[in-house]
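Working notes for the structure below.
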Amino acid sequence: SIGPGQYGYDQSVSATGLADAVPGTAQIGLPFATFAMLNAHRADLDLPQIPVLTGAHGIGGIPIDLMDDDPTTGDTTATTVWDSFTFWHRQAMARAAAAGRDVVAGWHVFNHGPAGKLMLRGAYAAEWRGLQKDSEAFWDSLGMPQPRYIITPAGGETDTTNDTPGSWSVVDDQLDLAEAGCAVLGTCDYWYPIWDNQVHWD
């Protein structure tokens, strides 16, 4: 959720290798915390730790219709998030292969924050399912098995200037998706500075 993917990777520059994430640095963000939590849970169950390659699909606060390049499920005027997502995964797979490692898409986290708060009931769920289907097609194109999905809760914010009666239906849509088995609804609790002083989903 933080880093060069937010602004769009320079796709003329190839990745050079794999490196360990360092807790406490500015570039950790949601993916590291999520999968550190996963390994902490494995440790609680006396299961072996697994190496995890993390990236993010999305930017905190971005509308969901800006997260892919499919004109039937998104706004194709801005495809930075989708282009960065697909570029990063191809680069990561190439670097892993060069290191003699296989990559399995175990979990896919969509991160976009509370930007869907004004969407009508059912609209967010339809957009999300379209995005999920597009990402599943991408995994298929790479010959990778389908991952399990995590939705980060839309939550709330203190900026209510645009709220209207019936807003925040996105929360009900997310519960519907989780109950239908499309995804796990969850995120990890960790503290970090909030640049706009709003109360976000975390």
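The values are calculated or read from the model by the stated rules, or taken from the named source; none is laboratory data. Predicted model, so just to flag it, every value in this text is computed and none were measured. In this analysis, Cβ positions are derived from the backbone assuming ideal geometry, glycine residues included, and neighbour counts consider all displayed protein chains. Side chains included, ligands, DNA and RNA excluded: accessible areas come from the protein's heavy atoms. Shrake-Rupley method; radii C 1.70, N 1.55, O 1.52, S 1.80 Å.
Listed by first and then second residue, the pairs linking a residue in the range 29-46 that is among the hydroxyl-bearing types (Ser, Thr, Tyr) to a residue that is open to solvent by 30 Å² or more (accessible area, probe 1.4 Å), with Cβ atoms under 8 Å apart and 6 or more places separating them unless they lie on different chains, are Thr34/Thr54; Thr34/Trp107; Thr34/Thr187. Every listed requirement among (1) surrounded by 14 or more Cβ atoms within 10 Å (Cβ to Cβ); (2) at pLDDT below 90; (3) basic (Lys, Arg) is met by Arg101 save one, (1).
Could you list, in sequence order, all residues of the range 23-53 that are at pLDDT below 75 and surrounded by fewer than 18 Cβ atoms within 10 Å (Cβ to Cβ)? Of everything in the range 23-53, those that are at pLDDT below 75 and surrounded by fewer than 18 Cβ atoms within 10 Å (Cβ to Cβ) turn out to be Pro23, Gly24, Thr25, Ala26, Gln27. If only residues of the range 114-134 that are open to solvent by 70 Å² or more (accessible area, probe 1.4 Å) and at pLDDT below 90 are counted, the one that is farthest from Glu179 (Cα to Cα) is Leu118.
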